[in-house]
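Chemist: This is the structure, below, for whatever I ask next.
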Amino acid sequence: MAETKAARVYVTRELPSTALDLLAEAVTIRVWPGELPPPPEVLLAEAADVDALLTLLTDRIDAAIMSAAPRLRVISNMAVGYDNIDVEEASRRGILVTNTPGILIKTTADFAFALLLAAARRVVEADRYTRQGRWKTWEPQTLLGQDVHDATLGVVGLGGVGLEVAKRGRGFGMRVLYCDGIRKLEEERRYGLVYVELEQLLAESDFISLHVPLTSETHHLVGERELSLMKPTAVLINTARGPVVDQRALWRFLEERRIAAAAIDVSEEEPIAPDDPLLGLDNIIITPHIASASVATRLSMAKMAVDNLLTALRGQVPPQCVNREAVRRWRRALPR
Ligand code: DGY
């Protein structure tokens with residue numbers, strides 16, 4: 001399985017051309033040309049003869065796909081999250097799974113903070129107001145928002161993105177609380193962050209920003225109980241994964257103004273259903289999973305995904321391998 005033109009790779013979407021060209025120089029590629037993800041039956045058929053898949057977070061890679069792909073040795077996901085892949089199943093079969101961590105941290109944090117500011121100061125609503133011809137004069141009481149400076153920011157999950165959001169909060173003069181499975185004493189000292197339990201964070205924060213991966217433990221981490229602990233003026237930001245928040249409960253709390261506002265870049269179902277009741281509310285901003293969508297970052301992600309894939313096809317374990325437990329089985333399948 002050396003890196004040769006003989007190795008076949010299926011890429012599930014058009015990528016920035018610089019990255020795709022790098023891949024095409026090294027291996028034989030087929031690329032799904034559609035704007036939407038390849039339908040499952042296409043993916044099943046295309047997987048049949050490939051050594052590697054280059055996937056996006058919208059592609060569900062499960063046991064059925066892996067069974068249909070006897071030669072498959074690496075799944076390179078162009079995302080830091082990999083909850084779209086059955087990693088346990090891949091490990092059982094000696095298939096390496098890789099992701100693209102690190103490079104999207106600051107871009108994602110910028111966007112989370114953009115959502116925070118936009119929700120606090122009702123930027124999207126104000127834009128609609130202007131376009132609807134409702135701006136008649138300067139009004140003392142119209143579109144009043146909340147101050148960000150001096151407010152309390154609660155960061156749930158102090159990984160790379162969480163820490164960058166916390167730093168941005170400190171830059172805006174916010175008090176920053178965080179909760180995490182692991183207490184980060186060095187970051188606390190360096191950036192002036194305060195470690196608290198989730199309940200305290202929810203009760204004391206004016207803005208709550210979520211930065212946890214989606215796992216069975218974080219599914220509906222924010223539900224009815226957690227929302228009821230928040231201040232009525234609280235603003236919830238989710239740039240992590242949709243199912244981390246119970247969306248029905250969120251709708252109820254926003255509709256009844258039991259929390260002030262939310263801004264979400266991710267949704268339990270993606271894309272959000274056109275009849276989702278959240279779309280009928282003024283006090284939520286909903287963007288289409290674009291937190292990492294800067295030109296530079298998307299190119300870096302694509303290049304890293306290509307690099308991971310080629311590294312594995314050359315018989316080396318990519319640094320961004322997320323299932324090291326698969327390596328022994330994967331090595332056994334390499335040609336000697
Ligand atoms: C990821 O990489 O997991 C992000 O959600 C993409 O923006």
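The values are calculated or read from the model by the stated rules, or taken from the named source; none is laboratory data. Here the structure is a predicted model, which is why all the values come from computation and not from measurement. Because the Cβ atoms are built from the backbone with ideal geometry, glycine has one as well, and the counts that use them run over all protein chains shown.
Chemist: Hey, can you tell me all the residues within region 155-184 that are among the β-branched types (Val, Ile, Thr) and surrounded by fewer than 20 Cβ atoms within 10 Å (Cβ to Cβ)?
Modeler: The answer is Ile182, and nothing else.
Chemist: Further question: Would you check which residues across region 237-251 are away from the ligand (no atom under 16 Å from the Cβ) and touching an Asp or Glu at 6+ places or on another chain (Cβ under 6 Å) and list them?
Modeler: Within region 237-251, Gln247, Ala249 meet the criteria.
Chemist: Ok, one more. With the condition kept exactly as written, say whether any residue in region 140-154 is at pLDDT 95 or above, in contact with a strand residue (DSSP E or B) (Cβ under 8 Å, 6 or more places away or on another chain), surrounded by fewer than 18 Cβ atoms within 10 Å (Cβ to Cβ) and among the β-branched types (Val, Ile, Thr).
Modeler: no
Chemist: Given the residues Arg257, Arg241, which is the only one that is exposed (fewer than 14 other Cβ atoms within 10 Å of the Cβ) and not hydroxyl-bearing (Ser, Thr, Tyr)?
Modeler: Arg257
Chemist: For region 326-335, indicate whether the set of residues that are over 20 Å from Thr58 (Cβ atoms), within 16 Å of the ligand (Cβ to nearest atom) and modelled with pLDDT of 95 or more is non-empty.
Modeler: Looking through region 326-335, none of the residues is over 20 Å from Thr58 (Cβ atoms), within 16 Å of the ligand (Cβ to nearest atom) and modelled with pLDDT of 95 or more.
Chemist: Residues that are within 16 Å of the ligand (Cβ to nearest atom) and closer than 20 Å to Thr287 by Cβ: does region 219-235 have at least one?
Modeler: no
Chemist: Now for a separate question. Any idea which of (1) assigned to a loop (DSSP other than H, G, I, E, B); (2) in contact with a helix residue (DSSP H, G or I) (Cβ under 7 Å, 6 or more places away or on another chain); (3) more than 16 Å from the ligand (Cβ to nearest atom); (4) under 29 Å from Gly102 (Cα atoms) is the one Val266 doesn't satisfy?
Modeler: Result: Val266 fails condition (3) only.
Chemist: Six or more apart or on different chains, Cβ atoms under 6 Å: show the pairs whose first residue is in region 237-251 and more than 11 Å from Val222 (Cα to Cα) and part of a loop (DSSP other than H, G, I, E, B) and whose second is more than 10 Å from the ligand (Cβ to nearest atom) and modelled with pLDDT of 95 or more.
Modeler: Thr239/Ala112; Ala240/Leu210; Ala240/His211; Ala240/Val212
Chemist: Within region 196-222, can you find the residues that are of a type outside the set (A, V, I, L, M, F, W, C), surrounded by 17 or more Cβ atoms within 10 Å (Cβ to Cβ) and touching a helix residue (DSSP H, G or I) at 6+ places or on another chain (Cβ under 8 Å)?
Modeler: Ser209, His211, Thr218
Chemist: Let me ask something additional. Can you tell me which residue is nearest to Ala69 (Cα to Cα) among those in region 8-53 that are outside any helix (DSSP H, G or I) and small (Gly, Ala, Ser)?
Modeler: It comes out as Ala48.
Chemist: Of Thr218, Thr233, which residue is over 16 Å from the mean Cα position of the chain (by Cα) and either assigned to a loop (DSSP other than H, G, I, E, B) or under 30 Å from Ile85 (Cβ atoms) (or both)?
Modeler: Testing whether each residue is over 16 Å from the mean Cα position of the chain (by Cα) and either assigned to a loop (DSSP other than H, G, I, E, B) or under 30 Å from Ile85 (Cβ atoms) (or both) leaves just Thr233.
Chemist: Among the strands (runs of 3 or more DSSP E) contained in region 71-179, which hold 2 or more residues that are within 16 Å of the ligand (Cβ to nearest atom) and out of contact with any Gly (no Cβ under 9 Å at 6 or more places or on another chain)?
Modeler: Per the criteria, 74-77, 96-98.
Chemist: Could you tell me whether any residue of region 302-309 is within 16 Å of the ligand (Cβ to nearest atom), surrounded by fewer than 21 Cβ atoms within 10 Å (Cβ to Cβ), at pLDDT 95 or above and not basic (Lys, Arg)?
Modeler: Among the residues of region 302-309, at least one is within 16 Å of the ligand (Cβ to nearest atom), surrounded by fewer than 21 Cβ atoms within 10 Å (Cβ to Cβ), at pLDDT 95 or above and not basic (Lys, Arg), which makes the answer yes.
Chemist: A further question follows. Does Ala312 satisfy the criteria of being buried (at least 18 other Cβ atoms within 10 Å of the Cβ), part of a helix (DSSP H, G or I) and either in contact (Cβ under 8 Å) with a residue 12 or more places away in the chain or among the basic types (Lys, Arg) (or both)?
Modeler: So Ala312 fits the description; yes.
Chemist: Another question about this same structure. Would you check which residues across region 183-215 are within 16 Å of Arg257 (Cα to Cα) and in a loop (DSSP other than H, G, I, E, B) and list them?
Modeler: Asp206
Chemist: Give me the residue from region 286-299 that is more than 29 Å from Asp275 (Cα to Cα) and more than 11 Å from the ligand (Cβ to nearest atom) and, out of that set, surrounded by the most Cβ atoms within 10 Å (Cβ to Cβ).
Modeler: Within region 286-299, the match that is surrounded by the most Cβ atoms within 10 Å (Cβ to Cβ) is Leu299.
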